[in-house]
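In what follows, a structure is listed as structure tokens, so that the remarks can point back to it.
The values are calculated or read from the model by the stated rules, or taken from the named source; none is laboratory data. Only a predicted model underlies this, so the values are computations on that prediction, with no experimental measurement involved. Here the Cβ positions follow ideal geometry from the backbone for every residue, glycine too, while neighbour counts run over all protein chains shown.
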Amino acid sequence: MITVWSPKGGQGLSVTVAALALAHLRHDGASVAIVDLAGDQPAVLGVEGVGSVGVLDWLGSRASPQALGRTAIEVIDGLTLIPRGGGPPSVRPRPTDAPEVARPSRVVELWGAIDGLADLVLVDAGVPAPAPGALRLAYGADLSRQAVRAAATNIVVVRACYLALRRFGRLDLAAGAIVFLREPRRALVAADLETTVGAPVVGTVEIDPAVARATDSGLLTSRLPRRLERQLVDVVHTARRAGSAFGGVT
């Protein structure tokens, strides 16, 4: 299980997770599952999934670990998606609505169930920061934060954005590796990110309009830009080597 997250919205996280899964599948041939805690993956991957049964529903039930796998949506051969669940965004539970969802033992069971979903499991954890309307567990814990801490390897996706790095410093989470989304004419460089985050850059993605076009048209799975694929193909293996000792609170 590899958790992928960002310190701030608008960093390109969900598209990066989807592209990372596709690149790994094409080059390694091993099965891949994406576990969507942020809720954006169905739209990114061009599949029906908003409102589908998923992680939140499993957490609030007494279903077996195998039942989580039965919520999977097949995206393409070898790639499945476990939706966030819990209904469409307008009716998702607020922190005070469902404290029973937060049973600590059930959350531990979740990570065990996730681990066996595929050869590679990528968790799109979104932004693990307390905020109004954020999905939280009992006792004020945040499911995204728990996902970062539970993973053997975690990757933070970030642009050369001062506000994102500033927010990272307030999260009190350790990153194992960085995927750097590089934009032209920005002052910050990879070395600045490594110094601030305390982890190595294991992949650099050049911002490319072709990626946005493929995503907006729902064709990312069939028309993954070759340049993006090349930039991400080695990220999983490099991140595992670089960040297997990380993933906890600093």
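Numbers at a glance
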item: Count - residues of segment 128-149 that are surrounded by 21 or more Cβ atoms within 10 Å (Cβ to Cβ), modelled with pLDDT of 60 or more and not in a strand (DSSP E or B); result: 7
item: Scan of segment 23-35 for residues that are farther than 21 Å from Gly54 by Cα and not in a loop (DSSP other than H, G, I, E, B), ordered by number; result: Ala23, His24, Leu25, Arg26, His27, Asp28
item: Close pairs (7 angstrom Cβ cut-off, 6 or more residues apart or separate chains): at positive phi in segment 30-50, of a type in the set (Ser, Thr, Tyr) anywhere; result: Gly46/Thr221
item: When residues of segment 27-68 are limited to those that are closer than 25 Å to His237 by Cβ and out of contact with any helix residue (DSSP H, G or I) (no Cβ under 7 Å at 6 or more places or on another chain), the one surrounded by the fewest Cβ atoms within 10 Å (Cβ to Cβ); result: Gly29
item: Within segment 182-207, tally of residues that are closer than 17 Å to Asp234 by Cβ and buried (at least 22 other Cβ atoms within 10 Å of the Cβ); result: 3
item: Tabulated pairs, segment 1-19, first more than 10 Å from Arg159 (Cβ to Cβ), second among the aromatic types (Phe, Trp, Tyr), C-beta under 6 angstrom, 6+ apart or interchain; result: Pro7/Phe168
item: Of all residues making up segment 150-179, the number that are closer than 21 Å to Leu120 by Cβ, in contact with a Leu (Cβ under 6 Å, 6 or more places away or on another chain) and surrounded by fewer than 21 Cβ atoms within 10 Å (Cβ to Cβ); result: 0
